[in-house]
1. Looking only at segment 30-81, count how many residues are of a type in the set (Ser, Thr, Tyr), surrounded by 16 or more Cβ atoms within 10 Å (Cβ to Cβ) and within 22 Å of Ser174 (Cβ to Cβ).
2. Is it the case that segment 132-142 has a residue that's more than 21 Å from Tyr203 (Cα to Cα) and free of Cβ contacts under 8 Å to residues at least 40 places away in the same chain?
3. Can you give me the number of residues within segment 160-182 that are under 16 Å from Thr212 (Cβ atoms), in a strand (DSSP E or B) and of a type outside the set (D, E, K, R)?
4. Looking at segment 92-110, which of the residues that are modelled with pLDDT of 95 or more and under 23 Å from Ile226 (Cβ atoms) is surrounded by the fewest Cβ atoms within 10 Å (Cβ to Cβ)?
5. Are there any pairs, at least 6 apart or on different chains, whose C-beta atoms fall under 6 Å, with the first in segment 237-252 and farther than 21 Å from Gly138 by Cβ and the second surrounded by fewer than 17 Cβ atoms within 10 Å (Cβ to Cβ) and modelled with pLDDT under 95, and if so, which?
6. Which condition number in (1) surrounded by 19 or more Cβ atoms within 10 Å (Cβ to Cβ); (2) modelled with pLDDT of 95 or more is the one that Thr155 fails?
7. Which one of the conditions (1) over 27 Å from Tyr181 (Cα atoms); (2) over 18 Å from the mean Cα position of the chain (by Cα) does Tyr75 fail to meet, given that it meets all the rest?
8. Please go through segment 90-104 and give me each residue that is touching a residue at least 40 places away in the same chain (Cβ under 8 Å) and of a type outside the set (S, T, N, Q), ordered by number.
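The values are calculated or read from the model by the stated rules, or taken from the named source; none is laboratory data. These numbers come from a predicted model, not from an experiment. A quick note on method: Cβ atoms are made from the backbone with ideal geometry, for glycine too, and the neighbour counts reach across all protein chains shown.
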Amino acid sequence: MLKSMINPDTSGKKFTIVLMAVLMMGAALSAQEITGLKIIENVYNRDTGEDQTADLTMSLINSRGDERVREIKQYLKDFGKMEKKIMFFVAPADVYNTSFMNWSYDEEGKDDDQWIYLPALKRVKRISSDSKSDYFMGSDFTYDDLGDRQPSADTHKILREEEIEGEMCYVVESIPKEEEYIYSKTITWIIQDKWIGKKKEFYDEDGDLLKTLTVKEFKKVKDFLIITLSEMHNVQSDHKTIMKLENVKIDSGIADNKFTERMMKRGM
């Protein structure tokens, strides 16, 4: 009887089953360790190349359906601890030669530096922190939206997982640590295997939905996923801004001195 109780075949099978159960439990616990902060960090750190050049079309559509289109040449470059972006307006004539520059920093707590050049004034104006809630060139994007908000600036919580257009997403609520921030919270749908925000809701100071950003299209360029079509819809004013990127070039070798106040005045 004792021999049958310690049958090596039976005990071996039991050991294998127990081992598999332990491994599966470990994998499940590992998957549960993902946090709201980690998800937002993955989005923030997603690799998009060393530099990027693109033609940007910005379409402004009011509640009556009237449309204004602005054409922009955009340049971005990663400098390691900071990322720099500069935009030159090339059409229509009333905004021609206007330029905007943004420097985003990885250093925790350090805000973006932003400048705008208005040809009529013939000077570069620095965007103050008080002005970052202003809307950029008549669009539905504030100056703050055009920068890179650091993950540590908010408290993040996973609300749920949800599928959008065949893409499984984490739904993450982000509440600013700064009391006077322009949004009371944002909720972002982030594609799980791509770390791209598919949709983002912005809530005003009263906690009401203000606007929704929707990514309509992203493409692979040199093995990097680049957002090429997005729409910001202000639901309170029923105004929309559509951003379309074309002729995207990655790692073309943009000169460091492209991102200066001198170049803002000089133009492309």
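1. Total meeting the criteria: 1.
2. Looking through segment 132-142, none of the residues is more than 21 Å from Tyr203 (Cα to Cα) and free of Cβ contacts under 8 Å to residues at least 40 places away in the same chain.
3. Pass one, segment 160-182, residues under 16 Å from Thr212 (Cβ atoms): 162, 164-165, 169, 171-174, 182.
Now drop any that are not in a strand (DSSP E or B), which leaves 162, 164, 169, 171-174.
If we keep only those that are of a type outside the set (D, E, K, R) too, we end up with 164, 169, 171-172, 174.
Residues meeting the conditions: 5.
4. So, considering only residues that are modelled with pLDDT of 95 or more and under 23 Å from Ile226 (Cβ atoms), the one surrounded by the fewest Cβ atoms within 10 Å (Cβ to Cβ) is Tyr105.
5. Cβ pairs passing all conditions: Ile250/Lys222.
6. Only one criterion is unmet by Thr155, namely (1).
7. Unmet condition: (2).
8. Initial filter on segment 90-104 (touching a residue at least 40 places away in the same chain (Cβ under 8 Å)): 90, 95, 97, 99-104.
Across segment 90-104, the qualifying residues are Val90, Val95, Phe100, Met101, Trp103.
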